[in-house]
1. Residue by residue through region 197-209, what is 3J(HN,Hα) from phi via Karplus (6.51 cos²θ - 1.76 cosθ + 1.60, θ = phi - 60°)? Round to whole Hz and write x for glycine and proline.
2. Once amide H atoms are placed 1.01 Å from N in the peptide plane, what residues at a sequence separation of 5 or more from ASP205, or on another chain, have their amide H within under 5 Å of its amide H?
3. Quick one: ILE323, ILE107, fewest Cβ neighbours within 10 Å first, how do they rank?
4. Just report the Cα centroid separation between region 215-238 and region 275-290, whole Å.
5. In what sequence, highest mean first, do 213-223, 291-301 appear when ranked by Cβ atoms within 10 angstrom?
6. Search the structure for amide H atoms under 5 Å from the amide H of ALA314, placed 1.01 Å from N in the peptide plane, and list their residues when 5 or more places away or on another chain.
7. When ranked by the protection proxy of mean other Cβ atoms within 10 Å per residue, highest first, what sequence do the peptides 18-28, 58-68, 116-126 form?
8. I want to check the label-to-label distance for VAL241 and ASP42. Put each point 7 Å from Cα in the C-beta direction and report it in nm to one decimal.
Amino acid sequence: MSVAEALRAARLPKPDGAVVALTVTLLALALFANEQLAASIDFTLSSLLGVLPFLLVSVALAAGAKASGADALIARAFVGREVQMVAFAALIGALSPFCSCGVIPVIAALLSMGVPLAPVMAFWLASPIMDPTMFVLTLGTLGLDFALAKTAAAIGVGLLGGYGTYALTRAGALADPLREGIGNGGCGAASIRSHKPVVWRFWKDDARLAKFSRASFDTLLFLGKWLALAFLLESLMLAYVPAEAVRGLVGDGGFLSILVATLVGVPAYLNGYAALPLVGGFIQQGMAPGAGMAFLVAGGITSIPAAIAVWALAKKQVFALYILFALAGSLLSGVLFQLAVRA
């Protein structure tokens, strides 16, 4: 038996990326920069404590949506005329609780059920940028103006991609967008097919209350570990990255600096929630707000894990269109936000 077969037979748990990164970073500090270790731990704990009220609210929102079945409301965005569906899909995408990973099987379900590509593209683009949890954490880390602007960017990018796709499909392009063999199952897809009513007072149902408790724990653990990693990395950035270098690259708020932030946001993105403190740190170091917005929006849509999932799901033409709309929308969001800040 090979080593790989032995590991598979042992059914070892899959390593957690955030926990591994936290452990490796702390060990590296202990071995090579012990003088920074205590300062980074103190910064991380203080930052987590500061964002804790927003974190708890965001956890309650996410867990409540699951326990009540409110995520099933998303299906209502895909009924009616296609032009109207695009607008509703962009709005629902920005407000829905689906993350960039969870939205993938939902997209497969929608397309396999015959929903037109244009509203699906609008939802696909808007959903990873903003959700209720993201809004609350953005409010806590970057402020109300940034949170509102990022929500508007999510809707705007969705509209750009949705109506752009609508124009192409009306011209006869982009037929059969899914790859061969892609079905409609998977996590999150059931909520699209669900016609069950939302139970807002879920705490009166023991099963739903138990679901709320499990979802709260899972969400708190997920957000907590990623935010801890983000604050740890932010402490290192503030300690070792010269503010002059940040200002020189993305600090003037011009078109070139926003373009650089857009392109860098694709491979550099760790996690939608982890990126918030990092961008806050970059802005403290001199990054222009518009560049920060472009980085967040571009990374949310086109981060490497999400892009790989899209590549596996959709045909090449649809994938290329997805990337094009994502980059164009991110760049436009950054430029408009920078102009608004200056005004």
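1. x, 6, 9, 5, 8, 5, 5, 7, 10, 4, 5, 5, 5
2. none
3. Ranked by crowding around the Cβ, least crowded first: ILE323, ILE107.
4. 17 Å
5. Output ranking for 213-223, 291-301: 291-301, 213-223.
6. ARG179
7. 116-126, 58-68, 18-28
8. 2.3 nm
Only the coordinates and a few stated rules stand behind these numbers; no lab work does. This one's a predicted model, so the numbers in the text were calculated from it and none came from an experiment. In this analysis, Cβ positions are derived from the backbone assuming ideal geometry, glycine residues included, and neighbour counts consider all displayed protein chains.
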